[in-house]
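Scroll down for the structure; my scribbles are underneath it.
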Amino acid sequence: MATTETVQISHTQAQGAQQLMQMASGFIFTASLYPIAKLKIADLLADGPLPVTELAQKTGSNADALYRVLRLLASAGVFAESAGKVFALTPVSDCLRADAPGSMRDMVIWMGNRFHFKVWSEMSYSIETGQPAVEHVYGMRAFEAIFGDPEIAYDFNMAMTSFSRKIAPALLDAYDFSGIGTLMDVAGGHGAILCEVLSRYPGMKGILFDMTNVIEEATCHICSLKMDQRCETVTGNFFDEIPAGADAYYMQHIIHDWADEPALKILANCRRALEGVKDGRLLVVDSVVPETSEPHFSKILDLEMLLMPGGRERTEGEWRELFAKAGFEITRIVPMQAAESVIEARVRS
């Protein structure tokens, strides 16, 4: 005789299930934010609330579909919805405006780019093999795949520049660049950080070192800021050589792209460039992963490194071991009001 059992679910179990569902559906929010950022909905709301019908008209969108996406985002506090399907900005969506100080629009677009969805859908491959999923998906290394597609490359470069602008205030508040005559930004992209440092330290000169295709775009950025008299550009590959001629070498989000072996090649080239430089220093801005289970953005970024270029975020102990192998001694680690720290090192005598 069949019996019916009542399954009792505790409050704790219910909360756990709800938390799992929130995490499992996180990609839906990423997918929803991407078109909203591309359509510049936040910019359209900068002068005040608008009904969804007007937003749809201005963006050439389907009003019903747009409403349903905005409704979801409003439920998470990204927008504010009022009667009549009218939407307004919140402090969160204000960061989606293209011209907002500290705008995150370009970073949101990069995270929602189809490139990310394709690669992250193959995380199981990386867990099984320890190898970057991007190579499994695209048949090439991460940066070859990124720069091989103009749309992906554009979104990536814009996101990195946006991220640099966001980091700049925290960097300048945390670290004193006094005493550096010439600062070289290795793989510094469009030169956003370098120009910010030069603006704060008018007696300093700068050298931006990056690949040819990046430098071409960076030159326009440097000229637009009227920094071309104080900042020169040099092209090259940091695996082949890093030019001498600077008192300090700065690398932001570079070493974390690489596993230990290629990272040591880059650091060895920095060491050669610093040979004989009095008071020369190497400044690496990357995350230092806490050795506890506390939430920290570095743990998310670490998986991006695993799936994409094959690098990793490192703990303090791992940083010290890596630098020692390259002939450097870490002199101090300066935390920033961000997920990153400034790791200062000097050539070991």
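The values are calculated or read from the model by the stated rules, or taken from the named source; none is laboratory data. Note that the structure is predicted; figures quoted are calculated from it, not measured. Please note: Cβ atoms are built from the backbone with ideal geometry, for glycine as well, and neighbour counts cover all protein chains shown.
Could you check segment 11-55 and list, in sequence order, the residues that are loosely packed, with under 12 Cβ neighbours inside 10 Å and of a type outside the set (A, V, I, L, M, F, W, C)?
Just the residues of segment 11-55 that are loosely packed, with under 12 Cβ neighbours inside 10 Å, to begin with: 11-15, 17-26, 28, 47-48.
Of everything in segment 11-55, those that are loosely packed, with under 12 Cβ neighbours inside 10 Å and of a type outside the set (A, V, I, L, M, F, W, C) turn out to be His11, Thr12, Gln13, Gln15, Gln18, Gln19, Gln22, Ser25, Gly26, Asp47, Gly48.
Considering only residues of segment 258-289 that are among the charged types (D, E, K, R) and touching a residue at least 60 places away in the same chain (Cβ under 8 Å), which is nearest to Ala192 (Cα to Cα)? If you could, list the steps in order and put the result at the bottom.
From segment 258-289, those among the charged types (D, E, K, R) are 260-261, 265, 271-272, 275, 278-279, 281, 286; that's our starting set.
If we keep only those that are touching a residue at least 60 places away in the same chain (Cβ under 8 Å) too, we end up with 260, 271, 275, 279, 281.
On the way: Asp260: 27, Arg271: 24, Glu275: 27, Asp279: 25, Arg281: 21 Å.
Looking at residues that are among the charged types (D, E, K, R) and touching a residue at least 60 places away in the same chain (Cβ under 8 Å), I get Arg281.
To keep it simple, each residue is scored yes or no on (1) under 25 Å from Ala168 (Cβ atoms); (2) crowded, with 21+ Cβ neighbours inside 10 Å; (3) at pLDDT below 95.
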position: Tyr250; (1), (2), (3): yes, yes, no
position: Trp258; (1), (2), (3): yes, no, no
position: Cys270; (1), (2), (3): yes, yes, no
position: Gly276; (1), (2), (3): no, no, yes
position: Pro290; (1), (2), (3): yes, no, no
Can you pull out the helices (runs of 4 or more DSSP H) entirely within segment 54-151 that have at least 3 residues that are farther than 30 Å from Asp210 by Cβ and without any contact (Cβ under 8 Å) to a residue 60 or more places away in the chain? 63-75, 91-94, 123-129
Does segment 335-343 contain any residue that is polar (S, T, N, Q) and either touching a Cys at 6+ places or on another chain (Cβ under 9 Å) or within 23 Å of Ile146 (Cα to Cα) (or both)? no
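Answer yes if at least one residue in segment 309-329 is touching a Pro at 6+ places or on another chain (Cβ under 7 Å), modelled with pLDDT of 95 or more, over 20 Å from Ile167 (Cα atoms) and buried (at least 18 other Cβ atoms within 10 Å of the Cβ), and no otherwise.
Here is the first cut: in segment 309-329, the ones touching a Pro at 6+ places or on another chain (Cβ under 7 Å) are 309-310.
Filter once more, so that each one left must be modelled with pLDDT of 95 or more: 309-310.
Next, only the ones that are over 20 Å from Ile167 (Cα atoms) stay: 309-310.
Okay, now just the ones that are also buried (at least 18 other Cβ atoms within 10 Å of the Cβ), so 309-310.
Checked against the condition, which is being touching a Pro at 6+ places or on another chain (Cβ under 7 Å), modelled with pLDDT of 95 or more, over 20 Å from Ile167 (Cα atoms) and buried (at least 18 other Cβ atoms within 10 Å of the Cβ), segment 309-329 yields at least one hit.
Just name the residue that is surrounded by the most Cβ atoms within 10 Å (Cβ to Cβ) out of those in segment 158-202 that are within 15 Å of Gln337 (Cα to Cα) and either in contact with a Phe, Trp or Tyr (Cβ under 8 Å, 6 or more places away or on another chain) or aromatic (Phe, Trp, Tyr) (or both). Let's see the steps before the verdict.
First, the residues of segment 158-202 that are within 15 Å of Gln337 (Cα to Cα): 163-176.
Then drop every residue that is not either in contact with a Phe, Trp or Tyr (Cβ under 8 Å, 6 or more places away or on another chain) or aromatic (Phe, Trp, Tyr) (or both), which leaves 163, 175.
Working: Phe163: 20, Tyr175: 18.
For segment 158-202, the residue satisfying everything is Phe163.
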Against the condition modelled with pLDDT under 95 and either farther than 21 Å from Tyr250 by Cβ or touching a Leu at 6+ places or on another chain (Cβ under 8 Å) (or both), how does Ser349 come out, does it pass? yes
Could you go through segment 186-201 and let me know if any residue there is hydroxyl-bearing (Ser, Thr, Tyr), farther than 22 Å from Met308 by Cβ and part of a helix (DSSP H, G or I). yes
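Just checking, which of Asp155, Asp176 is more than 19 Å from Glu217 (Cβ to Cβ) and either in the same structural domain as Pro335 (by TED's automatic domain parsing) or assigned to a helix (DSSP H, G or I) (or both)?
Asp176
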